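Bear in mind these aren't lab numbers, they're just calculated from the coordinates by the rules spelled out. Model, not experiment: these values are computed from the prediction. FYI the Cβ positions are ideal-geometry reconstructions off the backbone, even for glycines, and counts take in every protein chain you see.
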Amino acid sequence: MIVIELKDIEKIYVSGKYRVKALRGIDLQISKGEFTAVVGPSGSGKTTLLNIMGCIDLPTRGSVTLHGEELQTKKPEELALLRRNYFGFIFQSFNLIPVLTVYENVEIALKLRYKNLQKKEREKRILSILEAVGLSDKWNMKPLELSGGEQQRVSIARALVKDPEFVLADEPTANLDSETGKSIVELMRKLNAEKGVTFVFSTHDPLIVEHAKRIIKLRDGKVVGE
């Protein structure tokens with residue numbers, strides 16, 4: 001079943017008199033349950049592609065459909081609901097809230113997704129995902145007290161705690177040591193196999209590429225092979 005379809009996607013960023021064409025006529029389909037890696041050199045458009053898939057950004061030209069519905073026709077608040085309820089995002093820049101603890105950064109995603117979830121169940125889910133990413137002992141620390149790799153693991157926990165149907169992960173293992181990276185990839189593979197969660201990664205990591213069921217190659221904003 002096709003989850004997301006992109007047709008003739010072009011994305012142009014304008015800064016003053018400069019125009020940067022980040023994506024150039026992308027045609028792509030992502031089916032439910034995929035474990036897909038998007039690879040390519042820096043500047044090839046990987047992050048932009050993930051942002052458009054996840055309703056964070058809109059294309060300059062072309063159409064994006066999610067379960068057959070055109071996203072360009074939706075209002076900003078409808079796109080916000082999709083991002084909250086359907087997608088899990090793992091950002092390269094972490095995007096953690098510095099004044100909140102590790103626990104609270106993960107909790108906020110769960111509170112937004114499930115407003116009526118009992119506190120006891122919420123706590124159970126948060127502690128379980130923190131254990132899975134190896135942060136059980138750091139739950140009360142603030143992001144700036146953590147290393148880059150630990151902040152990345154908080155970002156991963158926040159994305160996965162709300163049981164998203166679709167995870168978009170931008171270089172999720174870039175700041176992790178090889179052993180931690182391996183355990184995170186195993187966790188994602190387990191969610192993919194057992195719960196049918198769809199994963200699309202942008203990555204340079206051979207470990208993710210090795211386990212990917214599909215590899216999409218980007219260069220200069222174009223799909224150049226699979």
### Task
Note the full-extension length gain between D8 and N140 as 0.36 nm times their separation in residues minus their Cα-Cα distance, in nm to one decimal.
42.9 nm
### DSSP-defined antiparallel bridges as percent of all bridges, the chain, nearest 5
55
### Using alpha-carbon coordinates, inclination of helix 102-113 to the longest axis of the chain, degrees
60
#### Entry: Largest-first principal axis extents of the Cα set of the chain (Å)
46, 41, 38
### Query
In percent, how large is the relative contact order of the chain, given Cα pairs closer than 8 Å and 6 or more residues apart?
30
### Task
Using DSSP to define loop residues, name the GluC sites (Glu not before Pro) in the stretch 133-196 whose beta-carbon has at most 13 other beta-carbon atoms within 10 Å.
none
### Query
Using alpha carbons only, how many degrees (0 to 90, rounded to 10) separate the axis of helix 178-195 from the longest principal axis of the chain?
80
### Task
For S93, put the label point 7 Å out on the Cα→Cβ axis and report which residues of the stretch 137-177 keep their amide N under 15 Å from it.
170-171
### Query
Given H placed 1.01 Å from N in the peptide plane, which residues other than close sequence neighbours of V38 have an amide H under 5 Å from its amide H?
F201, S202, T203, I216
### Query
Mind checking the alpha-carbon convex hull of the stretch 25-149 and giving the volume per residue in Å³?
160
### Message
How tilted is helix 148-160 with respect to the longest principal axis of the chain? Cα atoms for both, answer in degrees (0 to 90, nearest 10).
### Response
80
#### Entry: Extension gain, V209 back to E78 (0.36 nm per residue minus Cα-Cα distance, nm)
43.8 nm
### Message
Apply the a/c threshold of 1.5 to the C-alpha gyration tensor of the stretch 136-202 and tell me whether it is rounded, prolate or oblate.
### Response
prolate
